[in-house]
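The values are calculated or read from the model by the stated rules, or taken from the named source; none is laboratory data. Everything numeric here is computed off the predicted structure, so don't read it as measured data. Don't worry about glycine lacking a Cβ; one is built from the backbone with ideal geometry, like all the others, and counts go over all protein chains shown.
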Amino acid sequence: MTEPLEIALVVEDVLSLVLMEKLLAHCGRSYTVLRPLVERGVGNIYKSIAKYLSASRALPHVVLVDLDQSACAPQLREQWGVASVPKSMLFRVAVREAEAWVLADREGFAGFAGIPVNKISAAPESLADPKQELINLVRRSRNKRLAAELVPVQGSAVSMGPLYNERLGQFVREGWSVDAAMEHSPSLARTLNRLQTFMK
C-alpha cells in the first residue's frame with residue numbers, strides 16, 4: 001500500500017470534479033483531496049495558474065482543464081506558461097472537454113441516457129463540441145424526464161438543463177466505467193497513468 005498523498009484538486013466545473021474524484025479512487029493510490037477548487041470556468045484557472053504553481057510547493061496540485069478550441073494540449077500548455085511544471089504539479093488537459101470522457105464509456109452512457117450505443121461516437125475526443133453532442137444525444141432519449149433535466153429549454157440563454165451537473169455527476173459516480181472510457185479516450189488514459197506515478 002502506498003503512502004497517502006494529500007493534494008489540492010483544481011477543476012473548471014462540478015462534472016470535472018466528479019470525474020477526477022472517480023479517477024483518483026480508481027488509480028490504486030491513496031489520494032486525499034484536501035482542497036477541492038471548482039473554479040467556474042477555464043478563465044479563472046488561467047488567471048490563478050501562477051498562484052497554483054507557487055502553492056504546489058506546499059501542497060501538491062492536480063489541475064484539469066478542457067482543451068476547448070485550442071489546437072492541441074502542448075500548444076495550450078505553452079500558452080499558459082506550463083509547458084514544464086514543478087514535480088509538485090500535475091497539469092492535465094481533457095480533449096476537448098470533460099464531456100468527451102463521459103461519452104467515452106459508450107455502453108454505460110447509452111444505458112444511462114436510454115439511447116442506442118451506435119449513436120455514440122467511438123472517438124469522442126474528435127468531436128468539435130462534446131458537451132453539445134451529449135445534450136443532443138439526451139434530447140433524443142426515450143427518457144423524457146432525463147431530457148428535461150439535462151437539455152436547456154428551447155430558446156433559453158443557458159447552455160444546459162437545470163439538473164445537468166447533478167444527473168451527470170450521479171452517473172459518473174454510480175454507472176461510468178473508467179476502464180471502458182479509457183479505450184475511447186486517450187487523454188483520459190494518459191491522465192490516469194500520470195495519477196499513478198505523480199510525486200513518486
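Details
- Verdict on PRO60 being under 18 Å from ASN193 (Cβ atoms), crowded, with 16+ Cβ neighbours inside 10 Å, modelled with pLDDT of 95 or more and out of contact with any helix residue (DSSP H, G or I) (no Cβ under 7 Å at 6 or more places or on another chain): yes
- Among all residues of segment 178-193, there is at least one that is touching a strand residue (DSSP E or B) at 6+ places or on another chain (Cβ under 7 Å) and assigned to a helix (DSSP H, G or I).
- With respect to the conditions (1) more than 20 Å from ALA71 (Cα to Cα); (2) in a loop (DSSP other than H, G, I, E, B); (3) outside the structural domain of LEU24 (by TED's automatic domain parsing), ALA128 falls short on a single one, namely (1).
- For beta carbons closer than 7 Å, sequence separation of 6+ or different chains, a first residue in segment 184-199 that is under 17 Å from GLU125 (Cβ atoms) and a second that is surrounded by 14 or more Cβ atoms within 10 Å (Cβ to Cβ) and among the acidic types (Asp, Glu), the qualifying pairs are SER185/GLU125; PRO186/GLU125; SER187/GLU125.
- Residue list for segment 136-165, filter: part of a helix (DSSP H, G or I), of a type in the set (A, V, I, L, M) and touching an Asp or Glu at 6+ places or on another chain (Cβ under 9 Å): VAL138
- Residue match in segment 142-161 (condition: within 15 Å of the chain's Cα centre (by Cα) and at pLDDT 95 or above): no
- Qualifying residues in segment 188-198 (those that are surrounded by 18 or more Cβ atoms within 10 Å (Cβ to Cβ) and closer than 20 Å to GLU107 by Cβ) - the one nearest to the chain's Cα centre (by Cα): LEU188
- Qualifying residue in segment 172-179 (condition: surrounded by 15 or more Cβ atoms within 10 Å (Cβ to Cβ) and basic (Lys, Arg)): no
- All positions within segment 70-86 that are in contact with a Ser or Thr (Cβ under 9 Å, 6 or more places away or on another chain) and assigned to a loop (DSSP other than H, G, I, E, B): VAL85, PRO86
- Filtered residues of segment 63-90 (kept if over 25 Å from ALA128 (Cβ atoms) and surrounded by 20 or more Cβ atoms within 10 Å (Cβ to Cβ)): MET89, LEU90
- Every residue from segment 8-53 that is under 21 Å from VAL85 (Cβ atoms), among the β-branched types (Val, Ile, Thr) and in a helix (DSSP H, G or I): VAL42, ILE45, ILE49
- Within segment 79-91, one or more residues are under 17 Å from the mean Cα position of the chain (by Cα), of a type outside the set (Phe, Trp, Tyr) and within 29 Å of VAL63 (Cα to Cα).
- Residue that is nearest to MET182 (Cα to Cα) [pool: residues in segment 15-54 that are charged (D, E, K, R) and buried (at least 18 other Cβ atoms within 10 Å of the Cβ)]: LYS22
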